[in-house]
1. So which residues in segment 230-253 are out of contact with any helix residue (DSSP H, G or I) (no Cβ under 6 Å at 6 or more places or on another chain) and farther than 19 Å from residue 190 by Cα?
2. Which condition does residue 321 not pass, out of (1) touching a helix residue (DSSP H, G or I) at 6+ places or on another chain (Cβ under 8 Å); (2) surrounded by fewer than 23 Cβ atoms within 10 Å (Cβ to Cβ); (3) closer than 30 Å to residue 128 by Cβ, if it passes all the others?
3. Which ones in segment 139-169 are out of contact with any helix residue (DSSP H, G or I) (no Cβ under 8 Å at 6 or more places or on another chain) and surrounded by fewer than 19 Cβ atoms within 10 Å (Cβ to Cβ)?
4. I need a count of the residues in segment 183-229 that are in a loop (DSSP other than H, G, I, E, B), modelled with pLDDT of 95 or more and out of contact with any helix residue (DSSP H, G or I) (no Cβ under 8 Å at 6 or more places or on another chain).
5. Among the listed residues 297, 359, which satisfies the condition of being buried (at least 18 other Cβ atoms within 10 Å of the Cβ), closer than 25 Å to residue 393 by Cα, touching a residue at least 24 places away in the same chain (Cβ under 8 Å) and assigned by TED's automatic domain parsing to the domain that holds residue 142?
């Protein structure tokens, strides 16, 4: 979202993931009918009101809703009495263990993604997102920037350490092979510092299709992949924030850009773009809608292709907490395999110091354990969002200037 796209904060509604209170415990008979023959009690498993919906209640994690699940893949096992950190089966395969009530071995569940109407066999994640070593963090939260016309090096010099992310916008303005002919992306290769071939900053490319979704062909997508591979060949990891804020830019009132197409056409274009970059492990697909309730945004969650990172763009206009702003979205769409990152955010003069502090607070990680970092919109446009380059010392005061991993 460009700053001209600022929207009022949408009041958060109830999470997609249902409360365990609405579920009734399985009876022995219902387990047997579903093909389960556990050797112990099933007190921490519960059934949904319809279909075969399962939850596993574990001391070490929040309850994870696995909707419309059915027993399959007997090669996996689930041992409720084991030790270790349990997964939420977001990939729909594999095996895990965790500490909980009961003992015994259960068949692996093949599940439908709680974030989507399609099976996780269609939507996958690389599960390999990590912040660069040495980039500036606070409370384990990576700090990144969307600078206006200011070199990233200016911001890094002021803060004393390299940024975790550098964001930039680019527009697909015509059909055919994309080449970044207007130089919106490629010049930033030189702005990202590298050491021994290993980049210290992730490049977040917000690629916006000004052409209809149906015109994002495999040729267009492969052109984008080829441009981004020029970053990865230099050791720079790329997060491709394709068609970000799709739920806003398709509306008649969108400013700064406009997307053309239906939800289904977006879904097709996402898969086309995802397929084009799938052979490059250093390009991650970043799904990033505009503010909205989780129930409204669910239709836009990719139904096929790859999703490596999720985020949402919100610019608060009043004082609020991280949990109030992002908690519902984080719970509905992120997981241990698909972390939550903020593609862009900022606040006006009266709020920006408090909001920047909220983004790196200990409470942010508590509200969203899968939260890895954010990119601050360092622009003076519609409002002065700058916290480094506007002659103020807000960033230094909030983030510190001692370099990596401040706390």
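1. The answer is 241, 243, 244, 245, 248, 249, 250, 251, 252, 253.
2. (3)
3. Listed by number, the residues that qualify are 148, 149, 150, 154, 157, 160.
4. Number satisfying all stated conditions: 3.
5. On the way: 297 fails: closer than 25 Å to residue 393 by Cα.
When all the criteria are applied, what remains is 359.
Quick grid of which residues meet (1) in contact (Cβ under 8 Å) with a residue 24 or more places away in the chain; (2) within 21 Å of residue 159 (Cβ to Cβ):
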position	(1), (2)
346	yes, yes
353	yes, yes
370	yes, no
373	yes, yes
390	no, yes
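The values are calculated or read from the model by the stated rules, or taken from the named source; none is laboratory data. What you are looking at is a predicted structure, and each value in this text was computed from that prediction instead of being measured. All Cβ positions, even for glycine, are placed from backbone atoms using ideal geometry, and neighbour counts span all protein chains on display.
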